[in-house]
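Inspection log for the structure reproduced underneath, given as structure tokens.
The values are calculated or read from the model by the stated rules, or taken from the named source; none is laboratory data. No experiment lies behind these values; they were computed from the predicted model shown. Here the Cβ positions follow ideal geometry from the backbone for every residue, glycine too, while neighbour counts run over all protein chains shown. When the accessible area is computed, the model is the full protein with side chains, heavy atoms only, and any ligands, DNA or RNA have been set aside. Shrake-Rupley method; radii C 1.70, N 1.55, O 1.52, S 1.80 Å.
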Amino acid sequence: MPKKIILTGDRTTGPLHIGHYFGSLINRKRYENEYQTFIMAADVQALTDNYDNPEKVSSNVLETVTDNLALGLNLEETTIFIQSQIPQIAELTVFFSNLVSLNRLRRNPTVKTEISQKKDMFGEDGESVNFGFVGYPVSQTADITIVKADLVPVGIDQLPVIEVCREIVEKFNRIYSPVFPVPEAQLSEAPKILGLDGNSKMSKSLNNAIYLKDTEEETTAKIKTAKTDSGSTLVYDPENRPEISNLVLLYSLVNSIDLELAQADLVNINYGAFKQKLAADLNSYFREFRERRLEISNNSQLIVETLAVGRARVLVEAEKTMNLVRSAMKIDYKF
Ligand code: TRP
């Protein structure tokens, strides 16, 4: 049996943080031998809502790739590449764009929420949202299908995007010919990590994230100022006590214990002492990763080689896929 193919992508808008790590990166290492995995630095997608800041998008390509390499992946099994270096993805996006209605895209819950979170750029009611952003699920469908991926690891918030992807692929297969497997979302089992301020998202602009590249001192300082509440017990009750629960969740993750055990561990400890312990445990959990990351970031040759190999591998797959697509769509002219 050939291995199932996974494609996963990171928007290159900032270095990756511990939310990305526990939600996604950890599985790239855990399942590296079980699947054939493609990891894509999604610079083209990042430009859809950062087109006015190309420097931010391009400078974070290497950050994202370095974060992935620091996992110590087996690069025989896993391929890392940059989205913009595969022009066939853009070509396939154009063909797929005929297979979904504009209304379907605009009403997509993920896209809708994201548009409403970007009022500065897209207007109060999303009236000035650009074509590229509304259409990112279409280009994401091309990312996934260009390597004929079977599985797409995503967080819950990306499920509606994968739904659109499946609809496009089914329609393509029906109208032209069954070229593609219909991809399935693979949901991470870890609960979502909130920002240190309790916000539902860790992000640079909110200044509430712990980055994988942070130093131990930075990590400790961030935990120290993380938002808590006026209670005194350390429990996991995300409905009623989101900030404390988030820290207890982190504690359970970095100690590789379940939430029940974590809570049992934390009776009779005050917030201050808990934060110190959590910071120390976090730092020891990530120590090896961070050492490796530092080494890799000083080894530009490894990064350059990895990306060259990745690009070459994906270009071969992409051209194979596009030959099938062009033939299915009757545009494989012999003249
Ligand atoms: N949209 C994804 C996110 O915001 C990133 C992404 C781009 C992606 N292309 C992808 C994820 C393809 C999975 C597959 O996290």
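Checking each residue in region 1-28 for being more than 18 Å from LYS148 (Cα to Cα) and of a type in the set (Gly, Ala, Ser) picks out GLY14, GLY19, GLY23, SER24. If you go through region 204-247 and keep only what is acidic (Asp, Glu) and either part of a loop (DSSP other than H, G, I, E, B) or touching a residue at least 60 places away in the same chain (Cβ under 8 Å) (or both), you end up with ASP214, GLU216, ASP229, ASP237, GLU239. Applying the selection to region 170-189, what residues are out of contact with any Leu (no Cβ under 7 Å at 6 or more places or on another chain) and within 13 Å of the ligand (Cβ to nearest atom)? Those that are out of contact with any Leu (no Cβ under 7 Å at 6 or more places or on another chain) and within 13 Å of the ligand (Cβ to nearest atom): LEU187, SER188.
Confirm whether VAL164 is at pLDDT 95 or above and either closer than 13 Å to PHE95 by Cα or touching a strand residue (DSSP E or B) at 6+ places or on another chain (Cβ under 6 Å) (or both). The answer is no for VAL164. Within region 1-25, the residues that satisfy the criterion of being without any contact (Cβ under 8 Å) to a residue 40 or more places away in the chain and more than 11 Å from the chain's Cα centre (by Cα) are MET1, PRO2, LYS3. Going residue by residue through region 152-160, is there one that turns out to be out of contact with any Pro (no Cβ under 7 Å at 6 or more places or on another chain), acidic (Asp, Glu) and either in the same structural domain as SER188 (by TED's automatic domain parsing) or within 10 Å of the ligand (Cβ to nearest atom) (or both)? Yes, region 152-160 contains a residue that is out of contact with any Pro (no Cβ under 7 Å at 6 or more places or on another chain), acidic (Asp, Glu) and either in the same structural domain as SER188 (by TED's automatic domain parsing) or within 10 Å of the ligand (Cβ to nearest atom) (or both). Have a look at ASP258, ASP214 and point out the one that is acidic (Asp, Glu) and buried (at least 20 other Cβ atoms within 10 Å of the Cβ). Only one candidate qualifies: ASP214. Among the residues of region 114-127, what is the count of those that are of a type in the set (Gly, Ala, Ser) and assigned to a helix (DSSP H, G or I)? Of the residues in region 114-127, 1 are of a type in the set (Gly, Ala, Ser) and assigned to a helix (DSSP H, G or I).
Give the residues of region 293-319 that are assigned to a helix (DSSP H, G or I), open to solvent by 60 Å² or more (accessible area, probe 1.4 Å) and more than 16 Å from PHE95 (Cβ to Cβ), sorted by residue number. Matches in region 293-319: LEU294, GLU295, SER300, GLN301, VAL304, GLU305, VAL309, ARG311, ARG313, VAL316, GLU317. Remark: GLU114 matches the filter, which requires a residue to be modelled with pLDDT under 95, within 16 Å of the ligand (Cβ to nearest atom), open to solvent by 20 Å² or more (accessible area, probe 1.4 Å) and in the same structural domain as VAL314 (by TED's automatic domain parsing).
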